[in-house]
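Working notes for the structure below.
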Amino acid sequence: MTDKHIQHSAEQGNMEKDPEDWVTGDEPMTGAQRSYLKTLSEEAKVPFDEQLTKAEASRRIDELQRITGRGQGASGAAGTQERRDGDTDGAKE
């Protein structure tokens, strides 16, 4: 594979899909999601729900990133989420 092919594949990965469209979205959240979500919940001073699915955890992470200001850079998962939501001005809720 070429670097351009790998980059294109990464850009088309699950980071751009709506969590409702994920094939495994109804499975329990991953360990990485659990760890990051727990950290975000503590920072936002909100309850941590251990029973979320992968898709629910993804949406909750996006929500808590907006609340805490984490992940607000122009690149990465948060930037992708903001573009998917149509929030391109970077305004915080």
Quiz item: What is the one condition in (1) at pLDDT below 95; (2) part of a helix (DSSP H, G or I); (3) surrounded by 16 or more Cβ atoms within 10 Å (Cβ to Cβ) that A57 does not satisfy?
Solution: (1)
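Does D89 meet the test of being among the charged types (D, E, K, R) and at pLDDT below 55? Spell out the reasoning first.
Working: among the charged types (D, E, K, R): yes; at pLDDT below 55: yes.
Yes; evaluated as a whole, the condition is true for this residue.
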Practice problem: Note down all Cβ pairs under 6 Å where the first residue falls in region 25-43 and is within 12 Å of S58 (Cα to Cα), the second is part of a loop (DSSP other than H, G, I, E, B), and they're at least six residues apart or on different chains. | Solution: M29/L52
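The values are calculated or read from the model by the stated rules, or taken from the named source; none is laboratory data. Not measured: the values here are computed from a predicted model. Note that we place each Cβ from the backbone using ideal geometry, even for glycine, and neighbour counts take in every protein chain shown.
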